[in-house]
Amino acid sequence: MSLPLFEWAGIFSTNYDDLVEKAFRKHSKSLRVYSSNHDFHGAGITGEQELFKFHGTIDKDVCDGHNSRLIITSTDYDQVTGYREALYARLKDMLFSKSVLIVGQSLVDPDLRSLVDEAQKIKSSSGAPGKIFLFVFQKNDDLATVFEARGLTVCFGGIDELFSALLKAAPAEQLVMSVTTDVLGAAPLLEPATATVSTEIANQSGQLERMFSGRAASYADIARGWSFGREVSDSIEAQHTDNERAPVSVVLGVAGVGKTTAVRMALSRLSARDLECWEHKTDFSFEPEQWAQVNDELVKRKKTGVLFVDDAHLFLRDLNRLIEILAAKDSWALRLILVSSRPHWNPRLKSAELFKNREEYELSRLSVTEINGLLDLLASSEDVRDLVEDTFLGFSRPQRLERLKERCDADMFVCMKNIFGFQGIDTIILEEFASLHVDLQDIYRVVAGMQAIGARVHRELVRRLTGLEAGHVSRVLNDLEGIIEEYTVSDRDGIYGWRVRHPLIANILASYKYSDQDDLYDLFDKVVTTINPAYRFEAQSINDMCDLETGITRIADRHRQNVLLRRMISNAPNLRVPRHRLIHNLIVLGKFDVAEGEIRIFERELSTDGPVLRYKIRLKLGIAKHAGGIQNEDRAALVSEASAMATKCLERFPDDKNMYRVYLETGVDWYRYTGKSQLFEDAMLAAAAAQERLLDPELRSIISKYLRVGEEMGIQVYG
């Protein structure tokens, strides 16, 4: 019962029992348990305590119909090799970076013993942080002498004595719940995942050089007056200070147009108006129920809050859930600002409540008013003016305005050097790369490449891919200052993220350094092979690398994509997205039997979902189209089955716009094989009725496309 009182970096156990789980339940504390690789998933980091069980857990075994298994026999060990390797790799990282308390283990497990030996050597030779303590119940001075000679600290005693000593040594504030006036106190799980704008303004220090090099303006940068006005910031501020207007803002635009900076400017002003303002940290999972509790707390206090979610497409399922919860409440006090790009935003499924309760903004080129604001900033801020090249300063204001109007496709903070230096941004980045030492070039290339393909980059992942030694990390970061930034994702978990200063820069560098398809495949291959799904941060990377815009579709050959996807599935079989991509590719490649087998396995292991049901329909259509030696009436029968499946699926998923798309496809194919239009007309009427209810512009585009197809076939759906 004392175990849940402490925030452990991680708990590892070789026990099958659920004693630890029971203790956390009695304390009403969240605990994430990993007992097989089916527990790995890419939902992002949370504030939950994590428990890793090397040998499985008593309540999950294949004999009871679970995918997980207890590890008892040698056959069991062989079946779960990948899972144990992932856990030992996670433990290895912990051993190197944290203090470790080994309770009740004799170290007879050769894997554990070798890990401890290796970790202790590194701690001794390179000054890695922390110590390793071996806590043993039965006193044995000879054993203590052996282990202490290897650098471990050995203690003897019982479990009660251990926790009695820990409780006495623990800071008092760690053991009692603190009283706070912070609204987030209503949902403590959100604390590590959320930046409070007022706190960021008070505590941050501005970093103009970083902003000049491409980083989005921080709240402190904005407070220092180093940013120029954006019209969308005024619009967002006006929207969220008027409770009669929609509670959700959707801001869309390509990378580099200044979406993040513009929203932060609006939030800074809203915070000054005494609104509670927060920004969700994108490396963490989004918790809709927790934010619903914050809404209730705001209502109690008669306050308004505003939450900014950048890269909102990554959390859209949970955002849909939150918006539906809030729309059903009597009072909606938590307003939302969601930022994304159209290629990521449009295809994803969105709640009808989102469309009913949102105002949408588009950022592209800077307006003339905004360019004048940039010139005003240049004239008024000596700090900014010092970073501008003399060649630009020599022009008169009208001449500067003319030149900027020609060159401002992107926001100042991404392309300031480009705008003021009159040099292509690609050239600047490549010259910067060429000026580095070859060892630093390798690290810069790998970090930029991983960031560009969607991997969540952090210190240990970089070390695994490049062989960078732990003792050299600080020197490398110093040498790459202003190019690569390290930031804390989770100090407790020992996760420190790495990123280049802007995603646009990562994409540009990757396009040159991984222009060859073989080099790009090798990068994906190394990342997929190296990723450890025992880190939720890295499991999330697997899903992100399946993105259709920036991820695995960069590999042109679908066969090679499939090799990578199968490795992802082997590493983390509980993730749905890689399985979706694999089934899709198999259908496109005409591998219908293999696709059907993958669908059966998916439904057996994970249960069916909307995308898999669509693939089952497309599988029928594919067989109808490509099967040789059958007549049109046989093809029509297959299409009829597909159409019947689509109508059933729509009963289950009536808000799935992509299901209407595939339903319309069945209507087109039915007409192709029979010359009859009834199925197409039924599908079009169903889609039109759904559009009236959902209000999704993407569904409207789908309907318009198929109306044109219908006209080409000679069908007049709307009489």
One residue from Glu665, Glu641, Glu633, Glu681 being assigned to a helix (DSSP H, G or I), at pLDDT 95 or above and over 36 Å from the mean Cα position of the chain (by Cα): Glu641
Count of residues meeting criterion [among the aliphatic types (A, V, I, L, M), under 31 Å from the mean Cα position of the chain (by Cα) and either at pLDDT 90 or above or in a loop (DSSP other than H, G, I, E, B) (or both)] in the stretch 1-22: 3
Some residue of the stretch 658-674 being out of contact with any Lys or Arg (no Cβ under 8 Å at 6 or more places or on another chain) and acidic (Asp, Glu): no
Odd one out for Phe433, checked against (1) under 17 Å from Ile508 (Cα atoms); (2) more than 25 Å from the chain's Cα centre (by Cα); (3) in a helix (DSSP H, G or I); (4) at pLDDT below 90: (4)
Residue in the stretch 460-468 that is buried (at least 21 other Cβ atoms within 10 Å of the Cβ), without any contact (Cβ under 8 Å) to a residue 40 or more places away in the chain and under 22 Å from the mean Cα position of the chain (by Cα) present: yes
The stretch 68-102: number of residues that are under 23 Å from Lys22 (Cβ atoms) and surrounded by 14 or more Cβ atoms within 10 Å (Cβ to Cβ): 7
Subset of the stretch 467-492 that is acidic (Asp, Glu) and out of contact with any strand residue (DSSP E or B) (no Cβ under 7 Å at 6 or more places or on another chain) - its residue that is farthest from Tyr444 (Cα to Cα): Asp491
Ala23 without any contact (Cβ under 8 Å) to a residue 40 or more places away in the chain and either surrounded by fewer than 16 Cβ atoms within 10 Å (Cβ to Cβ) or touching a helix residue (DSSP H, G or I) at 6+ places or on another chain (Cβ under 9 Å) (or both): yes
Subset tally (residues that are β-branched (Val, Ile, Thr) and surrounded by fewer than 21 Cβ atoms within 10 Å (Cβ to Cβ)) for the stretch 217-236: 0
Output for the stretch 281-309, where each listed residue is under 23 Å from the mean Cα position of the chain (by Cα), of a type outside the set (Val, Ile, Thr) and within 20 Å of Gln239 (Cα to Cα): Leu307, Phe308
Any hit, the stretch 332-343, residues being modelled with pLDDT under 95, assigned to a loop (DSSP other than H, G, I, E, B) and touching a strand residue (DSSP E or B) at 6+ places or on another chain (Cβ under 8 Å): yes
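Residue-wise test of (1) under 29 Å from Tyr83 (Cα atoms); (2) at pLDDT below 75; (3) small (Gly, Ala, Ser); (4) outside any loop (DSSP other than H, G, I, E, B).
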residue: Gln105; (1), (2), (3), (4): yes, yes, no, no
residue: Leu115; (1), (2), (3), (4): yes, yes, no, yes
residue: Lys121; (1), (2), (3), (4): yes, yes, no, yes
residue: Ser125; (1), (2), (3), (4): no, yes, yes, yes
residue: Ala128; (1), (2), (3), (4): yes, yes, yes, no
residue: Phe133; (1), (2), (3), (4): yes, no, no, yes
residue: Lys139; (1), (2), (3), (4): no, no, no, no
residue: Asp142; (1), (2), (3), (4): no, no, no, yes
residue: Thr145; (1), (2), (3), (4): no, no, no, yes
Subset tally (residues that are more than 32 Å from the chain's Cα centre (by Cα) and either buried (at least 16 other Cβ atoms within 10 Å of the Cβ) or of a type in the set (Ser, Thr, Tyr) (or both)) for the stretch 684-702: 3
Index of the failed condition, Arg708 passing every other in (1) without any contact (Cβ under 8 Å) to a residue 24 or more places away in the chain; (2) buried (at least 16 other Cβ atoms within 10 Å of the Cβ): (2)
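Rundown of residues vs (1) touching a Ser or Thr at 6+ places or on another chain (Cβ under 8 Å); (2) of a type in the set (S, T, N, Q), yes/no style:
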{"position": "Gly256", "(1), (2)": "no, no"}
{"position": "Ala262", "(1), (2)": "yes, no"}
{"position": "Leu270", "(1), (2)": "yes, no"}
{"position": "Asp274", "(1), (2)": "no, no"}
{"position": "Glu289", "(1), (2)": "no, no"}
{"position": "Gln293", "(1), (2)": "no, yes"}
{"position": "Lys303", "(1), (2)": "no, no"}
{"position": "Asp311", "(1), (2)": "yes, no"}
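Condition check ((1) under 22 Å from Pro343 (Cα atoms); (2) buried (at least 20 other Cβ atoms within 10 Å of the Cβ); (3) touching a strand residue (DSSP E or B) at 6+ places or on another chain (Cβ under 7 Å)) across all residues:
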{"site": "Val257", "(1), (2), (3)": "yes, yes, no"}
{"site": "Leu267", "(1), (2), (3)": "no, yes, yes"}
{"site": "Cys277", "(1), (2), (3)": "no, yes, yes"}
{"site": "His280", "(1), (2), (3)": "yes, yes, yes"}
{"site": "Asn295", "(1), (2), (3)": "no, yes, yes"}
{"site": "Asp311", "(1), (2), (3)": "yes, no, yes"}
{"site": "Leu319", "(1), (2), (3)": "yes, yes, yes"}
Qualifying positions in the stretch 510-553 - of a type in the set (Val, Ile, Thr), out of contact with any Leu (no Cβ under 8 Å at 6 or more places or on another chain) and part of a helix (DSSP H, G or I): Thr529, Thr553
Residue count for the stretch 554-594, restricted to those that are assigned to a helix (DSSP H, G or I) and buried (at least 18 other Cβ atoms within 10 Å of the Cβ): 20
Enumeration of residues in the stretch 469-497 that are farther than 27 Å from Trp8 by Cα and assigned to a loop (DSSP other than H, G, I, E, B): Leu480, Glu481, Gly482, Ile483
Residues (of a type in the set (Asp, Glu) and outside any helix (DSSP H, G or I)) located in the stretch 602-622: Asp609
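The values are calculated or read from the model by the stated rules, or taken from the named source; none is laboratory data. Just so it is clear, the structure is predicted and the values come from calculations on it, not from any experiment. Don't worry about glycine lacking a Cβ; one is built from the backbone with ideal geometry, like all the others, and counts go over all protein chains shown.
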